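None of the figures in this text is laboratory data; all of them are computed from the coordinates on show. Nothing here was measured: the structure is a model prediction, and the numbers come from that model. Cβ coordinates were reconstructed from backbone atoms using ideal geometry, including for glycine residues, and neighbour counts include every protein chain displayed.
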Amino acid sequence: MNNFQIDLKESQTESRKSYWLESIYPQYFPTIISSSLHDNDKEYQKYGIDRMIFLKDGYKIGIDEKTRYTDYGDLLLEESSSIEYNTPGWIEKQQWIDYIVYNILPIQKCYLIPFIPLQNAWKQNKEQWKQQYKEVRAINDGYTTLSWPIPPLTLFISMTQSQIINYIK
């Protein structure tokens with residue numbers, strides 16, 4: 001059984017480690033000048049923001065940081081944060097984020113995932129993915145989270161395809 005408070009504290013501890021600002025974010029955002037953590041701010045958390053990145057040109061980027069402590073060869077998309085309470089997961093909700101940074105610790109690999117293309121890919125492919133991949137249920141104290149493990153290559157190809165539209169002129 002998972003414990004949300006323990007998992008949250010572990011995630012917050014991980015977010016404060018120096019490698020985020022010394023190694024990861026400068027590679028993704030070469031003009032980064034600073035960042036601020038919002039992992040204890042309920043309003044920011046409600047809309048998925050763990051960290052704001054500030055660039056030299058004044059642009060601000062909202063980040064949702066996800067860390068996995070085991071490499072399963074997939075990226076887990078949360079469809080429901082509570083099956084019992086019919087609460088949508090982060091892939092189903094409107095978020096204030098620009099990117100998800102998905103960190104897989106054992107292999108020291110991060111994925112920078114633009115949120116809108118990710119959400120579009122999910123909307124276009126979720127029924128097929130639900131048939132193709134095995135659901136992951138996480139038992140917590142009083143609720144169950146439902147997620148879907150999607151291989152990174154499948155996910156990124158689908159995200160690219162979701163950005164191509166046909167329209168009527």
- Rounded to the nearest 0.05, FRET efficiency between residue 16 and residue 169 (Cβ-Cβ, R0 45 Å) equals 0.30
- Query: Counting Lys and Arg as +1 and Asp and Glu as -1, each charge on the Cβ, what is the dipole of region 45-139 about the Cα centre in debye, to the nearest 20?
  - Reply: 100
- Note on the structure: Neighbour-count ranking for 136, 101 (other C-beta within 10 angstrom, fewest to most) reads 136, 101
- Task: List nothing, just return the count: lysine pairs in the chain, 8 or more apart or interchain, with Cα separation under 14 Å.
- Result: 7
- Query: How big is the C-alpha Rg of region 93-169 next to the rule-of-thumb value 2.2 N^0.38 Å, as a ratio?
  - Reply: 1.28
- Does anything in region 142-161 have its amide N under 13 Å from the 7 Å Cα→Cβ label point of residue 128, and if so which residues? 154-161
- Item | Of all DSSP beta bridges in the chain, antiparallel share, percent nearest 5 | 80
- Per residue, what volume in Å³ does the convex hull of the Cα atoms of region 4-161 enclose? 123
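Charges at C-beta only: +1 for Lys and Arg, -1 for Asp and Glu. How large is the resulting dipole of the chain about its Cα centre, in Debye rounded to 20?
Values: 18 positive and 21 negative charges, 82 e Å.
Charge dipole of the chain: 400 debye, to the nearest 20.
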